[in-house]
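Chemist: Have a look at this one before I ask anything.
Each value in this text was obtained by applying a stated rule to the coordinates, not by laboratory testing. Because the structure is predicted, anything quoted here is derived from the model rather than measured. Quick reminder, even Gly has a Cβ in these numbers, built from the backbone with ideal geometry, and neighbours come from all protein chains shown.
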Amino acid sequence: MRVVVGGLAGPTPVQVRTHIRVDGAANPIDSSRSNVLVHGDAITSLARLAPSSVDVIFADPPYNLQLRATDLRRPNDSAVAGVTDAWDAFGSFAEYDTFTRAWVEACRRVLKPSGSFWVIGSYHCIFRIGTILQDAGFWLLNDVVWVKSNPMPHFRGVRFTNAHETLIWAKRDESARNVTFNYQEMKALNGGKQMRSDWHLPICGGRERLRDGSGRKLHSTQKPEALLERVVLSTSRPGDVVLDPFAGSGTTGAVAQRLGRRWIMVERDAAYCDLIESRVCSITPIADSVDRDAVVAGRRSS
Ligand SMILES: C[S@@+](CC[C@H](N)C(=O)[O-])C[C@H]1O[C@@H](n2cnc3c(N)ncnc32)[C@H](O)[C@@H]1O
């Protein structure tokens, strides 16, 4: 176990001062005193968490895009850097469904009865995931469309531009009560009007996009922090525990930490875990809601 000091300091309601990184699959994971980065498989790692112990789950699982390395081409026939990572490859829909059922059930076990579950996906996977969620007992509360204001064009021009992804917000079961929904905070974020289920936000770019020295993206599917801010601000309170079973570059934990929530992130790839550690170490939580409003004010959608 490696302990990294950093991040959570200053006057905040959160008791946490460090995050720990745990490797392997040996012991129960204790998230009561610090943020936890788990280097491991989502399904086996979640089995090491106490039941009914997390307030919010945000999952950005493999999409099963079924892309081959040469599938995406520009009009000049040059290849587009799509998501061809090994972690996104499944042999069949049945294999993907088996995997999805396993992680969905693992998430449901650790979610508090009053907790919120979020999952994001494209048309390749979100319908299968939605069915599996309902079959597992989750009760759907909203689907939210993330409308990308600057989507990647459809280079071959044989279909519509894919300009959105879908998020599903669900509670653990139909009878669940007291699910946090910060209606007024969302309204304030939306210029005083009720927040709607279409979120118009750009894809992750500019200085927020993590790149190596030669400008290459460090993660192919890094989500914009503005998207996670809405998820975290709407359905959690300061001090709550936010879990991300497919952490990638660590966007969920980075946002949770900044907003004074605690986090648990699971990621199977060691290089991404290193990236997450360097990302979260510099993040100081914002102490109160006035400051939080100031931070997200620049993100208001039109
Ligand atoms: C879609 S990406 C998540 C991106 C993330 N939301 C971000 O903003 O960077 C999915 C991630 O899940 C990881 N992954 C895939 N299968 C996994 C598994 N069984 N257990 C843990 N992590 C897994 C991949 O390595 C990848 O980084």
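Chemist: Name the long-range amide H neighbours of residue 38: under 5 Å, sequence gap of 5 or more, or other chain; modelled H, no Pro or chain starts.
Modeler: For residue 38, the qualifying residues are 22, 265, 266, 267.
Chemist: Could you line up 39, 19 from fewest to most neighbouring Cβ atoms inside 10 Å?
Modeler: On the way: 39 22, 19 26.
With the sparsest Cβ surroundings first, the list reads 39, 19.
Chemist: Just to be sure I understand the model, the point goes 7 Å from the Cα along the line to the Cβ. What's the resulting residue 134 to residue 150 distance in nm?
Modeler: Placing both labels 7 Å along Cα→Cβ, they lie 3.7 nm apart.
Chemist: While we're looking at this one, here's another question. Mind checking which aspartates and glutamates have their Cα closer than 20 Å to the Cα of residue 148? Skip sequence neighbours fewer than 8 apart in that chain.
Modeler: Within the straight-line limit of under 20 Å, residue 148 reaches these aspartates and glutamates: 60, 165, 198, 208, 225, 229.
Chemist: Going by how many other beta carbons lie within 10 Å of each one, how would you line up 286, 264, 203, fewest first?
Modeler: On the way: 286 20, 264 28, 203 17.
With the fewest neighbours first, 286, 264, 203 line up as 203, 286, 264.
Chemist: Multiplying the sequence separation of residue 161 and residue 216 by 0.36 nm and subtracting their Cα-Cα distance, what value in nm do you get? Numbers along the way, then the final one.
Modeler: Numbers: separation 55, 0.36 × 55 = 19.80 nm, distance 2.40 nm.
Using 0.36 nm per residue and subtracting the Cα-Cα distance, I get 17.4 nm.
Chemist: Going by C-beta contacts inside 10 Å, put 139, 118, 169 in order with the fewest on the left. Present the calculation step by step, with values, prior to reporting the outcome.
Modeler: Numbers: 139 15, 118 25, 169 19.
With the sparsest Cβ surroundings first, the list reads 139, 169, 118.
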